[in-house]
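Each reported figure results from applying straightforward, stated rules to the coordinates on display, with no laboratory input. Keep in mind that this is a model prediction, so the values were computed, not measured. As a convention, Cβ positions derive from the backbone with ideal geometry for all residues, glycine included, and neighbour counts pool all protein chains shown.
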Amino acid sequence: MKTLIIGEVVEGKLSSGALEIIAKSKELGLEFEVATVGTVDSPNIGSDSFKNTYLKCNESQLSLGSVANTLKTMVDEQSISLVMAPSTYVGRDLIAFLSVDFDSSQVSNVINFSVDGENVITSNSINGGESEYNSKITSDKKLLLIRPKSFEEVQIELNSTNYETVEINSEEPEVFDIFIEEKSGPQLEDSKIVVSAGRGMVDSSNLSLVEDLASKLNAAIGGTRAIVDAGWMPYSQQVGQTGKTVKPDVYIALGISGATQHQVGMKDSKYIIAINKDEEAPIFQIADLGLVADTLSIVPKITENL
Ligand SMILES: Cc1cc2nc3c(=O)[nH]c(=O)nc-3n(C[C@H](O)[C@H](O)[C@H](O)COP(=O)(O)OP(=O)(O)OC[C@H]3O[C@@H](n4cnc5c(N)ncnc54)[C@H](O)[C@@H]3O)c2cc1C
């Protein structure tokens with residue numbers, strides 16, 4: 001089945017979501033190519049391992065309508081049946097454009113997929129990850145949004161030569177405002193250790209304890225929706241159903257109750273360490289190591305002893 005994987009350039013690299021979908025596509029032996037989406041400022045990315053068409057916007061901001069038009073042309077000209085993108089802001093927008101262009105529904109929250117003749121079978125996560133359902137996609141164009149961290153990333157060498165470039169002239173979109181996600185230190189999606197805070201850190205001023213611990217561990221910092229809603233942390237650091245999905249080697253939950261909507265974003269971490277003063281807190285059901293303790297007194301002690 002002819003397949004197109006959409007990836008973005010994130011911090012000079014092909015997005016981890018794309019590398020995960022490439023791994024699964026290789027495993028299934030699909031005939032795939034990758035469309036990498038970047039701006040005029042992005043570094044050149046190619047690979048000897050697959051055909052890479054680099055869709056470069058002539059602007060410093062992506063014009064997703066114009067990118068989607070180019071993708072549609074690629075899909076039409078090459079009779080591509082299956083298009084997949086990681087479920088990111090860009091992936092979701094591009095697949096939505098293609099869904100309208102091809103009058104074909106997109107299938108979201110896909111955590112696994114396989115090919116059965118002309119059809120694609122997907123497993124999808126619902127109810128905050130509590131349940132799964134399978135779908136069989138029989139339409140001519142199959143449009144899938146893959147949930148990040150569903151597969152291990154493929155290990156491949158990327159280079160700056162082996163790609164074809166399609167330069168995209170944007171259709172002069174009217175830009176009203178631009179919000180750039182603030183990023184510093186280790187990033188949630190890639191870090192081997194994540195330290196996350198919940199309402200059990202009691203007050204936003206105590207997040208400095210979380211930062212001290214994270215800094216010692218070279219860890220990324222996450223949080224629950226409760227503290228994001230309370231304005232303690234930006235949304236970009238929210239872990240869970242309506243935030244990011246992480247899969248680090250170690251996830252440290254500080255004062256987090258462990259609601260299902262939070263668990264869905266971190267339960268696949270290799271080891272989970274939880275600190276909570278309530279021994280009945282649901283987070284302990286999935287923790288490999290649980291400490292029933294007051295975060296405010298134990299976290300500084302842990303940091304001090306590292
Ligand atoms: C549609 C929907 C989507 C959602 N999406 C998300 C999402 O993406 N991510 C997310 O996180 N949530 C999400 N939620 C919210 C989720 O249901 C919970 O409300 C939220 O995760 C709770 O955050 P919390 O653990 O910080 O707070 P709480 O549930 O209030 O838990 C605080 C914990 O801290 C402990 N504690 C208190 N003081 C201390 C102390 N001094 N020392 C040690 N422990 C202490 C308490 O025992 C308690 O277990 C969503 C909800 C809905 C309805």
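When the Gaussian network model of the chain links Cα atoms closer than 10 Å, the mean-square fluctuations of Gly129, Gly117, Gly46 top out at Gly117. Here the chain carries DSSP beta bridges of which approximately 25% are antiparallel, counting only pairs with both residues inside.
Think of each Lys and Arg Cβ as +1 and each Asp and Glu Cβ as -1; about the Cα centre, that makes the dipole of the chain roughly 700 debye. Measuring against 20 Å, Cα to Cα, the residue pairs Lys192/Lys244; Lys2/Lys56; Lys51/Lys247 contain Lys2/Lys56; Lys51/Lys247 as the ones spanning a longer distance.
Set the Förster distance to 22 Å, then compute FRET efficiency between Ser49 and Ser123 from the Cβ-Cβ distance, nearest 0.05. The value I calculate is 0.25.
Taking loop as defined by DSSP and a crowding limit of 13 other beta carbons within 10 Å, which GluC sites (Glu not before Pro) in the range 164-215 fit? Loop-located and lightly packed - Glu171, Glu174, Glu181, Glu182.
Could you pull out the trypsin sites (Lys or Arg not before Pro) across the range 196-292 that fall in loop regions by DSSP (anything but H, G, I, E, B) with no more than 13 other Cβ atoms inside 10 Å? Within the range 196-292, the qualifying trypsin sites (Lys or Arg not before Pro) (loop, at most 13 other Cβ atoms within 10 Å) are Lys270. In terms of surrounding Cβ atoms within a 10 Å radius of their Cβ, Val120, Val75, Val37 rank from fewest to most as Val75, Val120, Val37. Annotation for Ser215 and Lys301: the two label points, set 7 Å from Cα along the Cα-Cβ direction, are 2.2 nm apart. With viscosity 1.306 mPa s and temperature 10 °C, the Kirkwood radius over alpha carbon pairs of the chain converts through Stokes-Einstein to a diffusion coefficient of 77 µm²/s. Farthest towards the positive end of the charge dipole of the range 172-217, among the residues Ser208, Gln187, Phe176, is the Cα of Ser208, using unit charges on the Cβ of Lys, Arg, Asp and Glu.
Comparing Cα centroids, the range 119-169 and the range 1-80 end up 11 angstrom apart. Cross-linked pairs Lys26/Lys216; Lys26/Lys149; Lys72/Lys183: Cα-Cα separations exceed 28 Å for Lys26/Lys216; Lys72/Lys183. Secondary-structure-derived ellipticity at 222 nm for the chain, considering helices only, amounts to -7000 deg cm²/dmol, per-run term -39500 (n - 2.57) for DSSP H runs with n ≥ 4.
Across all directions, the shadow cast by the convex hull of the range 182-287 built on its C-alpha atoms averages 5.7 square nanometres. From most to least packed by mean Cβ count within 10 Å, the peptides 250-256, 292-298 give 250-256, 292-298.
When both bridge partners sit in the range 2-168, DSSP labels roughly 35% of those beta bridges antiparallel.
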